[in-house]
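Undergrad: Have a look at the structure that comes next, please.
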Amino acid sequence: MHWMWLLFLSILSTSAIRLKSDQHTKDWWERAGFYQVYPRSFKDSDGDGIGDLNGITEKLSYLKDIGMRGFWLSPMYKSPMADFGYDISDFRDIQPEYGTMNDFRNQITEAKRLGLKVILDFVPNHSSDEHEWFVKSANREAGYEDYYVWRDAKPNPDDPNKPLPPNNWLSGFRGSAWQWNEQRQQFYYHLFTAKQPDLNFRNPKVVEEMKDILLFWLDLGVDGFRIDSVGCMFEVPANENGDFPDEPLSGTTEDSEDFAYLEHIYTIDRLENVEMVYQWRTLLENYQTQHGGDTRILMTESWSNLDIIKPYFKDIQGHEGAQMPFNFRLITELNITSTAYDFKNVIDSWMAIVDDGYAANWVLGNHDRSRLGTRMGEQRIDSMAMIELTLPGVSVTYQGEEIGMTDVDISWEETVDPAGCNEGIDNYAAKSRDPVRTPFQWDDSNLAGFTNGTGTWLPVGSNYRSINVKVESSVAKSHLNIFKSLMKLRESDTFLYGDWRTIAINEQVFAIVRDLKSSNRYITLVNLGSSSQTVDAGKFVKNISKILIYAIVSGASSHNPGDSVTASNIVLQPYEAFVLEAERSVDRKMRAEICERWLID
Ligand code: GLC
Ligand code: MG
């Protein structure tokens with residue numbers, strides 16, 4: 001055999017071996033698609049107009065069908081519903097309108113049968129004021145005195161009968177973060193609504209309680225947790241007089257009741273929060289050692305800067321925290337006017353904090369933020385999905401994003417979200433999260449197939465006759481079908497194991513190149529703007545084959561998957577986006593010849 005062939009064969013075989021070992025090192029969650037289910041709005045099984053656990057269980061096969069590996073469930077625990085489940089009165093029970101503990105067990109069983117992982121929302125920062133801990137604490141019952149953050153009133157020289165809050169701290173839902181409690185004759189701190197008193201994480205008993213709650217749900221078979229408001233758990237320690245310092249003014253708004261009025265240097269993003277997450281990671285790892293099974297994972301909710309997010313992965317001493325500190329950058333740093341350069345910056349700067357051996361993740365929406373299509377423009381729904389799903393790492397999809405649901409107009413009378421209600425009639429629309437929480441649109445029947453009842457807790461979006469699972473399933477280039485083909489495509493080796501590169505071709509055209517030596521190359525091309533653009537792929541991809549094949553095209557595109565295009569002359573119509581497949585033609589042909597000649601695989 002010629003020595004050159006020998007060399008080539010050995011290169012072939014080493015690359016094949018590398019690919020194999022790579023496959024073994026990827027844990028189940030590292031390239032997974034996760035889906036966020038908002039229980040109240042996913043599927044109603046009993047006709048009361050409110051989504052429930054049995055409704056979700058009934059639809060788990062849909063999650064499987066669209067390529068999900070798991071889902072995270074917003075709170076379904078017992079709650080007075082002041083913040084729609086984020087105010088928990090029993091961390092170990094199910095909200096009756098959502099179902100029973102038995103319904104939850106059935107859900108876990110069905111999820112396991114389908115191979116779907118179940119992640120619960122863990123809300124450690126606060127409980128409901130109706131939780132028995134709070135009732136006991138307000139009563140100064142022995143052992144419970146310090147479960148919450150209690151402080152004396154500030155002396156009021158004008159009116160001794162009118163207690164003044166201990167300092168200027170603000171609630172994220174407007175106004176003072178301090179609520180007077182008659183019974184205890186003290187204020188308690190609440191970052192969210194007054195019905196969500198903050199737990200005192202400086203009390204070791206609270207830390208233990210929260211760990212016990214994690215163990216309770218692990219024993220029921222859940223696969224991990226999304227940690228709510230992770231950066232808010234610890235406040236600054238009180239000074240020697242027992243006082244908390246005022247926070248400085250931010251200077252960004254005149255409105256002294258708005259959360260943005262202060263710079264939250266004493267209440268948000270203290271390092272102790274991260275250390276708590278390291279402890280929970282250890283708890284999960286120990287649990288796995290004792291009980292076996294797959295890795296249990298943590299996702300953390302922090303909207304802060306990258307230097308705050310990074311330590312949630314790990315610190316320099318080697319402590320590990322969340323496998324997935326949520327990456328909200330595609331939500332917070334991009335908007336309708338962003339250029340291709342902005343896209344590149346936002347993506348590359350996030351990738352820079354993801355060290356080797358860790359996984360990136362991408363979030364395009366959730367129950368707190370304006371929906372993707374409303375935020376970025378409906379023409380960009382498919383292209384944003386293409387960007388998210390052709391980048392390396394984990395994807396997180398908020399229910400309805402895959403079918404292109406958009407924010408629904410909600411009148412003041414219909415508004416129920418405390419973040420909206422607390423703002424009053426003139427400003428509720430700017431803060432309310434109701435528009436993104438409306439019932440999921442399953443089909444074109446009355447009430448979008450969400451319920452058999454006569455009404456729904458929030459109105460159904462008016463576009464439900466065309467934007468729904470049933471109709472979109474039968475339209476070739478619907479948001480849903482494009483989303484599904486992207487989920488399928490990303491299971492291929494290039495997307496699982498390949499290198500990645502982002503390119504701003506000009507202000508308006510953004511590209512992602514994915515490359516794996518032993519496989520095909522793919523190029524995601526997105527026209528962000530309203531004029532057509534012509535691109536020469538040879539200018540930014542080395543040794544590109546002359547002809548490229550369309551793998552996936554956006555809804556408005558005149559192309560179809562399987563069509564081909566000349567690499568040097570790719571025309572993108574306004575807002576058009578596609579994923580192109582570039583065969584490694586030379587290598588492949590050579591390989592085929594060799595295989596035939598030497599009868600190897
Ligand atoms: C998180 C949740 C949000 C909730 C808040 C208080 O930010 O995502 O919905 O209101 O925490 O629990
Ligand atoms: Mg119901």
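The values are calculated or read from the model by the stated rules, or taken from the named source; none is laboratory data. Worth saying up front: this structure is predicted, and the values here are computed from it rather than measured. All Cβ positions, glycine included, derive from the backbone under ideal geometry; neighbour counts span all protein chains shown. Each accessible area value is taken on the protein alone, full model and side chains, heavy atoms only, with ligands, DNA and RNA left out. Shrake-Rupley method; radii C 1.70, N 1.55, O 1.52, S 1.80 Å.
Undergrad: Could you check what % of the DSSP bridge pairs in segment 193-344 are antiparallel, to the nearest 5? Don't skip to the answer; put the middle values down first.
TA: Working: 2 of 8 bridges.
Around 25 percent of the beta bridges assigned by DSSP in segment 193-344 are antiparallel ones.
Undergrad: Show that you can apply the helix-only estimate: for the chain, add -39,500 (n - 2.57) for every DSSP H stretch of four or more residues, divide by all residues, and state [θ] at 222 nm to the nearest 500. List each step's numbers first, then the result.
TA: Details: 18 runs with 175 residues, N = 601.
The helix-only estimate for the chain comes to -8500 deg cm²/dmol at 222 nm.
Undergrad: Rank A577, T502, V553 by how far each Cα sits towards the positive end of the charge dipole of segment 496-594 (+1 on Lys, Arg Cβ; -1 on Asp, Glu Cβ) and give me just the farthest.
TA: It is T502.
Undergrad: Still on this structure: For segment 183-199, in order, what is each residue's ³J(HN,Hα) by Karplus, 6.51 cos²θ - 1.76 cosθ + 1.60 with θ = phi - 60°, in whole Hz (x at glycine and Pro)?
TA: Taking θ as phi minus 60°, the curve returns 4, 8, 6, 8, 8, 10, 8, 9, 5, 9, 5, 5, 8, 10, x, 6, 6 Hz for segment 183-199.
Undergrad: Please compute the per residue accessible area over the chain with all protein chains in place, 1.4 Å probe, rounded to a whole number of Å². Please list the in-between numbers first.
TA: On the way: 25270 Å² over 601 residues.
I get 42 Å² per residue for this part.
Undergrad: Something else: Given H placed 1.01 Å from N in the peptide plane, which residues other than close sequence neighbours of Q36 have an amide H under 5 Å from its amide H?
TA: Residues meeting the criterion, in which the H sits 1.01 Å from N, are W72, T397, Y398, Q399.
Undergrad: For segment 151-156, in order, what is each residue's ³J(HN,Hα) by Karplus, 6.51 cos²θ - 1.76 cosθ + 1.60 with θ = phi - 60°, in whole Hz (x at glycine and Pro)?
TA: Along segment 151-156, the couplings run 8, 5, 5, 7, x, 10 Hz.
Undergrad: Could you check how much of the accessible area of segment 496-594 is carbon and sulfur, as a whole percent, using a 1.4 Å probe?
TA: Numbers: 2110 of 4540 Å².
Accessible surface attributable to carbon and sulfur in segment 496-594 totals 46 percent.
Undergrad: Cα to Cα, under 23 Å, and not fewer than 8 places away if on the same chain: which lysines meet these conditions relative to K431?
TA: K195
Undergrad: While we're on this one: Under 19 Å from the Cα of K154, which lysines turn up, not counting those fewer than eight places away in the same chain?
TA: K162
Undergrad: Is there a quick way to get the dipole size of the chain? I mean about its Cα centre, with the Cβ of Lys and Arg at +1 and of Asp and Glu at -1; what is the value in debye to the nearest 20? Before the final figure, lay out the partial values.
TA: Numbers: 59 positive and 89 negative charges, 606 e Å.
Rounded to the nearest 20 debye, it is 2920 debye.
Undergrad: Expressed as a whole number of Å, what is the distance separating the alpha-carbon centroids of segment 118-183 and segment 248-291?
TA: Between the Cα centres of segment 248-291 and segment 118-183 lies a distance of 18 Å.
Undergrad: Hey, another quick one. Only Lys, Arg, Asp and Glu count, each charged at its Cβ (+1, +1, -1, -1), so figure out the dipole size of segment 219-259 about its Cα centre, rounded to 20 debye.
TA: Computed about the Cα centre, the dipole is about 260 debye.
Undergrad: Check each of the GluC sites (Glu not before Pro) in segment 213-271 and keep only those in coil by DSSP with at most 12 other C-beta atoms within 10 angstrom; list them in order. Walk me through the numbers on the way to the answer.
TA: Numbers: sites: E235, E240, E254, E257, E263; in loops: E235, E240, E254, E257, E263.
Sparse-neighbourhood loop GluC sites (Glu not before Pro): E240, E254.
Undergrad: Sticking with this one: Where in segment 420-496 are there trypsin sites (Lys or Arg not before Pro) that are in a DSSP coil and have at most 13 other Cβ atoms within 10 angstrom of their Cβ? Don't jump to the answer; show the numbers that get you there.
TA: Details: sites: K431, R433, R437, R465, K470, K477, K484, K488, R490; in loops: R433, R437, R465, K477, R490.
Those that pass, being in a loop and sparsely packed, are R465.
Undergrad: Could you run the Karplus curve 6.51 cos²θ - 1.76 cosθ + 1.60 with θ = phi - 60° over segment 98-105 and give me ³J(HN,Hα) per residue in whole Hz, x for Gly and Pro?
TA: 8, x, 10, 4, 5, 4, 5, 4
Undergrad: Within segment 282-338, which GluC sites (Glu not before Pro) sit in a loop by DSSP and count at most 16 neighbouring Cβ atoms inside 10 Å? All intermediate terms of the calculation are to be shown ahead of the outcome.
TA: Details: sites: E285, E301, E320, E333; in loops: E301, E333.
Answer by residue number: E333.
Undergrad: Tell me the angle of helix 204-219 to the major Cα principal axis of the chain, expressed in degrees between 0 and 90 and rounded to the nearest ten.
TA: So the helix axis and the longest Cα principal axis differ by about 50 degrees.
Undergrad: Run the dipole for segment 496-594 about the Cα centre, Lys and Arg Cβ at +1, Asp and Glu Cβ at -1, nothing else charged, and hand back the magnitude in debye, nearest 20. Don't skip to the end; give the middle numbers.
TA: Numbers: 11 positive and 10 negative charges, 75 e Å.
In total the dipole reaches around 360 debye.
Undergrad: Would you work out what percent of the accessible area of segment 233-294, with all protein chains in place, is carbon or sulfur (probe 1.4 Å)? Don't skip to the end; give the middle numbers.
TA: Values: 1560 of 3410 Å².
After summing per-atom areas, the C and S share lands at 46 percent.
Undergrad: If you don't mind, there's one more thing I want to ask. Can you tell me what percent of all Cα-Cα pairs in the chain are more than 40 Å apart? Walk me through the numbers before you get to the answer.
TA: Values: 57223 of 180300 pairs.
For the chain, the fraction of Cα-Cα distances above 40 Å is 32 percent.
Undergrad: Accessible area of segment 60-114 with a 1.4 Å probe: how many percent of it is carbon plus sulfur?
TA: Details: 860 of 1910 Å².
Of the solvent-accessible surface of segment 60-114, carbon and sulfur hold 45 percent.
Undergrad: Determine the percent antiparallel among the DSSP beta bridges restricted to the chain, to the nearest 5.
TA: Antiparallel: roughly 65 percent of the beta bridges in the chain.
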